[in-house]
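The values are calculated or read from the model by the stated rules, or taken from the named source; none is laboratory data. All values derive from a computational prediction rather than experimental measurement. All Cβ positions, glycine included, derive from the backbone under ideal geometry; neighbour counts span all protein chains shown. Side chains included, ligands, DNA and RNA excluded: accessible areas come from the protein's heavy atoms. Shrake-Rupley method; radii C 1.70, N 1.55, O 1.52, S 1.80 Å.
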Amino acid sequence: MVTFTIRHSRADGLSDSMQVLADAYSDMSRSRAFRGWKAERGMIGHITSTEITYGVNGWHPHRHVLMLFSRPVSHEQERVLQGELFAMWSHAVERSGGETVSREAFDVRAVTSGEEQVASYVTKTVKGVEGIGKEVSLADVKAGRASGSINPFQLLDVETLDAERLWNEYADATKGRSAIRWSRGLRDALGMGREKTDQEIVDEMERIGEIQLLIAPSLFNRSVRSYRSACLILEAAERGDYGYIRRTLGGSGYTITLPDGHTVAMMCDYMTEAA
């Protein structure tokens, strides 16, 4: 597993840093040197996850890449692989407008576990996954390791304007971006078939019984001004505190029954109460 990083400071916006990271990785992946390296080493594919933390030096976006090879990779080869990959990565970062990368922050670790443990590395479960599994599959929820470093979701526990600003920046910069990606053809090579889309996964869930609150779009768009306020409304719905929701949105509360007989709360705008 390889961790690709870039230099950053508090003055760097998350969107800009993520763009440099993405451009550098794309530049390296397309380079003749990297394609030749993959063929020589027997690399058959990779799984990429993007992790983002925030600390004393600002936003720290980086990529964990689990590379799969047709031949075993030993711990004795880590230093050699680190040197080969670092040379290609540092060149790509500079070509993409980033500053010189620190070799000390460039990490390469051999994975030598059995099949079952390796499979757990790419399983999206919070409990029971250790080591590289947390790096690859839990990049969006794990806490930062560096002193004073936190993951973006921990910002939601801090009630300050600065925390809200940082969360909004994170949400805007990551909107539409995938957290985990498989290289083309890897799933077929491993006999796993096509990956389900987000919509297919949602369609398979029993969603009706989980609905607790419906909010009219006009009321939501008028009253919800930030990601934080949306999160507070979701938390209130989870604990059944519809009084808080009514006070926050300023709308009218109703109870409606869905076709399956399930009863949920509905919040409407006063202006659309008649409708």
Using only the alpha-carbon atoms, what does the range 4-110 span along each of its principal axes? Please give whole angstrom values in decreasing order. 43, 26, 21
Label-point separation, SER74 to ASP107 (7 Å along Cα→Cβ), nm: 2.4
Can you compute the charge dipole magnitude of the range 1-92 about its Cα centre, using +1 on each Lys and Arg Cβ and -1 on each Asp and Glu Cβ, nothing else charged? Give it in debye, rounded to the nearest 20. 220
Order the following by accessible area, largest value first: TRP59, TRP182. Probe radius 1.4 Å; ligands, DNA and RNA are ignored. TRP182, TRP59
How much of PHE153 can a 1.4 Å solvent probe reach, expressed as accessible area in Å² and rounded to 10? 90
Stick to the Cα atoms of the range 218-268, pair each with every other, and give me the Kirkwood hydrodynamic radius in Å at one decimal. 11.6
So how exposed is GLU169, as accessible area in Å² (1.4 Å probe, rounded to 10)? 50
Per-residue accessible area, 1.4 Å probe, largest first, puts ILE256, ILE47 in the order ILE256, ILE47
Ordering SER70, SER26 by the accessible surface of their heavy atoms, 1.4 Å probe, largest first, yields SER70, SER26
Once phi is turned into θ = phi - 60°, what whole-Hz ³J(HN,Hα) does the Karplus curve with 6.51, -1.76 and 1.60 give for every residue of the range 19-26, x standing for Gly and Pro? 5, 4, 4, 5, 5, 5, 5, 5
In whole Å, what is the distance between the alpha-carbon centres of the range 80-111 and the range 1-73? 9
Please give the solvent-accessible surface of VAL20 in Å², to the nearest 10, using a probe radius of 1.4 Å with every protein chain present. 30
So what is the orientation-averaged projected area of the range 4-67, using the convex hull of its C-alpha atoms, in nm²? 4.5
On the formula 1/(1 + (r/R0)^6), with r taken between the Cβ atoms of GLU40 and GLU159 and R0 of 41 Å, the FRET efficiency rounded to 0.05 is 0.15
